[in-house]
Amino acid sequence: MKFLFAFAVLVSVSMISCKKDVPVPTNTNIPNGDSLTVVDTLGKLKVDLSGMQNMNGSVNFALYNNSANFNDPNQVYKSLSFTSTGSSMSFTIDSLPEGTYAFGVFHDENNNQSIDQNWLGIPTEGFAFSNNAMGSFGPPTFIQAQFVVLKNQTHVQTIALNFY
């Protein structure tokens, strides 16, 4: 079951910026003096997370953008770590290219950068996957956890941590 949360070791203490600068074209030959507006055509992911049982430690999040890399701590598309602030929290990841994604999240109550397990390999800290997907005797598949982000739209995932 240790592979169940391999993504847990991937999360660094530092925060990754979710904002992306959009380059502004430098073409000065705009006819008739019209103004030029640059539009960000990327999508967003909003995660509403509930179920933290205390404010200890941090909440670690790993986003994957393909099935081949899902739950591989060396192949994370974006990772985030937040200080736990209560029983629920929300966060948004901006500037995501249109596509299919899946994520895993866990509450690292003791800040040891891994999900703790009992002697049977069952997690003792709260965890969840996108779509609230659950696997049988292990993590869900990418297909079970996948969702689509569309350009110019915000995809919302309402997730509750699981405890055993």
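The numbers here are math on the coordinates, done by the rules we state, and not lab data. Computed from a predicted structure; not experimentally measured. With ideal geometry, Cβ positions are generated from the backbone for all residues, glycine too; neighbour counts draw on all protein chains shown.
Which of the residues belonging to the stretch 111-141 are under 24 Å from Ser90 (Cβ atoms) and not aliphatic (A, V, I, L, M)? Of everything in the stretch 111-141, those that are under 24 Å from Ser90 (Cβ atoms) and not aliphatic (A, V, I, L, M) turn out to be Asn111, Gln113, Pro123, Glu125, Gly126, Phe127, Phe129, Ser130, Asn131, Asn132, Pro139, Pro140.
Has the stretch 100-109 got at least one residue that is surrounded by fewer than 16 Cβ atoms within 10 Å (Cβ to Cβ) and in a loop (DSSP other than H, G, I, E, B)? No, because not a single residue in the stretch 100-109 is surrounded by fewer than 16 Cβ atoms within 10 Å (Cβ to Cβ) and in a loop (DSSP other than H, G, I, E, B). Taking the conditions (1) surrounded by fewer than 18 Cβ atoms within 10 Å (Cβ to Cβ); (2) under 22 Å from Met52 (Cα atoms) in turn, Ser136 satisfies each one other than (2). A Cβ distance below 7 Å, combined with a sequence gap of six or more or placement on separate chains, defines the contacts here; from the stretch 74-85, residues that are in contact (Cβ under 8 Å) with a residue 24 or more places away in the chain reach residues that are part of a loop (DSSP other than H, G, I, E, B) and crowded, with 17+ Cβ neighbours inside 10 Å in the pairs Tyr77/Asn65; Ser79/Val11; Ser81/Val11; Ser84/Met52; Ser84/Gly57.
Going through (1) touching a Cys at 6+ places or on another chain (Cβ under 8 Å); (2) free of Cβ contacts under 8 Å to residues at least 12 places away in the same chain one by one, Asp94 falls short only on (2). Has the stretch 54-69 got any residue that is of a type in the set (A, V, I, L, M, F, W, C), touching a helix residue (DSSP H, G or I) at 6+ places or on another chain (Cβ under 7 Å) and assigned to a loop (DSSP other than H, G, I, E, B)? Looking through the stretch 54-69, none of the residues is of a type in the set (A, V, I, L, M, F, W, C), touching a helix residue (DSSP H, G or I) at 6+ places or on another chain (Cβ under 7 Å) and assigned to a loop (DSSP other than H, G, I, E, B).
Looking for something surrounded by 15 or more Cβ atoms within 10 Å (Cβ to Cβ), touching a strand residue (DSSP E or B) at 6+ places or on another chain (Cβ under 9 Å) and in a loop (DSSP other than H, G, I, E, B) - is there at least one such residue anywhere in the stretch 77-98? Yes, the stretch 77-98 has at least one match.
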